[in-house]
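As structure tokens, the structure follows; a few thoughts come after it.
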Amino acid sequence: MNSDFVCPKVDAAISGKESWQAPSNIALVKYWGKYGEQLPKNSSLSFTLNKSTTTTTVAYKPNDSKGTSVGFRFLFEGQERVDFHPKLEAFFTRILPYQPFLSSLELHISSSNSFPHSSGIASSASAYAALAAALVAIEKSIAPERSNLYWLQKTSFLARLGSGSAARSIEGPMMIWGSHPQLKESSNDFAVKHAAIAPLFQDFQDCILLVDKGQKAVSSSLGHGLMQGHPFAAARFEQAQQNTQQLASVLAEGDLEAFIRIVESEALTLHAMMQTSNPYFVLMRPNTLHIIEAIWAFRRETKTPVCFTLDAGANVHVLYPKEAAAKVLPWIKERLLDYCQAGAYLLDSVGEGVKKM
């Protein structure tokens, strides 16, 4: 337990409403394997997205029952969703030691996404980041004054207890999560902003190609668990540490060639870990591979600096500088959309993190 983030005992006989919006993010160096309460086995580095967001409103009032748990209702896209309750209950159990005043409140949580559900965007990252931002705003209104840095770190810390990747959605444009001896102030408890970024990467674009919008055959939580006892786990964790350090330097230097090499290797390594676990599984689909091969051919033939990354699924994130959009987007629409489910895709770019609504 991190005592730095424990809220002092306060009188929570309060009521009000907080609305916050948080983006998803896409990891460039992948986090795959965890321990304890959502702590990473290796550091990761991500782009914060801009348009792919969750907006969450938390209305709160005193809870007369004075229980020892958090009372809440949850609505998603205007509909009450009790099927989300087990995950939310686990989240509140984890954060209650850090925000004990929540047991004195009744919460009415309403959430909506700017992107379709099961669309290849990490909705858990944006959802828990937005919820954590709202809960920290409530605490901020009743607890002693702290620095802005403290509140950002606590928001990331709490978001992580809902979804590990949510820790990286609090700020932008790029975040590092996971302790690294060569990266100052990096931490397993919360993500930190990577400030040294060349102008080239500050408006990078992400076109998400929706190859398969169905539910994944194997959840990310189960996939993380399969890194326990994985024959290549130790080598993978060391590789990720090296890639995080190298990519941090590449982003500062503006080296596109090195960026492409590291990012694509990381994506393929993530899926290699899935394919060599016990039990093994494959989340890529044939059209995922068709898109990857088409990107390689286009880059080779046109010298355009476009590359891909993958999350834990079949969908492909096509990454490219904004200045290349005039060439890349027409090519995507002409050559790649046939590989997408119903021709579906989303256009996004690098963003800045949570904001109050």
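Observations on the model:
- In terms of other Cβ atoms within 10 Å, TRP20, TRP296 run from fewest to most in the order TRP296, TRP20.
- Euclidean distance between Cα centres, segment 91-111 to segment 213-246, Å: 30 Å
- Partners for LYS184 among lysines (Cα-Cα distance below 19 Å; same-chain residues under 8 apart left out): LYS41, LYS154, LYS193
- Normalised by the number of residues in segment 202-349, the average gap of Cα pairs under 8 Å and 6 or more apart makes the relative contact order 45 percent.
- Based on Cα contacts under 8 Å between residues 6+ apart, the chain shows a relative contact order of 24 percent.
- Every helix of 4 or more DSSP H residues in the chain counts as -39500 (n - 2.57), and over all residues that averages to -10500 deg cm²/dmol at 222 nm.
- Residue (of CYS207, SER187, MET174) at the positive-pole extreme of segment 123-276, dipole from beta-carbon charges: SER187
- Highest to lowest packing among 233-245, 161-173, scored as the average C-beta count within 10 Å: 161-173, 233-245
- Rounded to 5, percent antiparallel among DSSP beta bridges of segment 3-196: 85 percent
- Dipole size of segment 3-196 about its Cα centre, with +1 on Lys/Arg Cβ and -1 on Asp/Glu Cβ: approximately 400 debye, rounded to the nearest 20.
- Orientation-averaged projected area, Cα convex hull of segment 3-196 (nm²): 10.9 nm²
- The antiparallel fraction among DSSP beta bridges confined to the chain stands at about 90%.
- Cα-centred dipole magnitude for the chain, charges only on beta-carbon of K, R (+1) and D, E (-1), debye, nearest 20: 220 debye
- Cα-based equivalent ellipsoid, segment 202-349: semi-axes from gyration tensor eigenvalues, Å: 26, 21, 12
- Between helix 256-275 and the chain: long-axis angle, C-alpha atoms, 0 to 90°, nearest 10: 70 degrees
- Between segment 309-357 and segment 9-59, the Cα center-to-center distance that results, in Å: 22 Å
Read-outs: derived from the displayed coordinates by stated rules, not from any lab. Here the structure is a predicted model, which is why all the values come from computation and not from measurement. Glycine gets a Cβ as well: all are built from the backbone with ideal geometry, and neighbour counts include every protein chain shown.
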